[in-house]
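One structure is given here, and the rest of the page talks about it.
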Amino acid sequence: MPEQLEFFDITSPCRGICQVDARGYCRGCLRSRQERFGWSNMSDGQKREVLRLCRQRYLRAIRHADAVNNDLEGPHQPSLF
């Protein structure tokens with residue numbers, strides 16, 4: 001499949017936090033070590049795939065945080081007002 005023409009470079013998602021979590025992903029951009037160090041040598045298609053994976057990791061982290069918060073709060077009773 002031919003690659004789509006890009007008019008602008010795909011910029012790095014680095015946010016300058018550069019700390020690694022327990023699973024080996026950067027806390028700022030959610031890329032793995034291999035994804036961070038190989039970014040400049042990747043094709044645009046590979047970069048888009050890394051960005052898609054980062055988005056999935058972000059959404060998974062949000063869902064996990066919500067689940068932990070719900071467990072800590074206990075059962076929630078809706079307001080009557």
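The values are calculated or read from the model by the stated rules, or taken from the named source; none is laboratory data. Keep in mind the model is a prediction, meaning the values are calculated, not measured. Here the Cβ is made from the backbone with ideal geometry for all residues, glycine too, and neighbour counts use every protein chain on show.
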Please work out which residue is nearest to I62 (Cα to Cα), limiting yourself to region 21-34 and to residues that are surrounded by fewer than 13 Cβ atoms within 10 Å (Cβ to Cβ) and either of a type in the set (D, E) or touching a residue at least 12 places away in the same chain (Cβ under 8 Å) (or both). D21
Of the residues in region 6-20, those that are closer than 21 Å to R60 by Cβ and out of contact with any helix residue (DSSP H, G or I) (no Cβ under 9 Å at 6 or more places or on another chain) number 3
Taking V68 as the residue in question, decide whether it is in a helix (DSSP H, G or I) and at pLDDT below 95. yes
Just checking, which of R63, R57, R23 is within 15 Å of the chain's Cα centre (by Cα) and at pLDDT 95 or above? R57
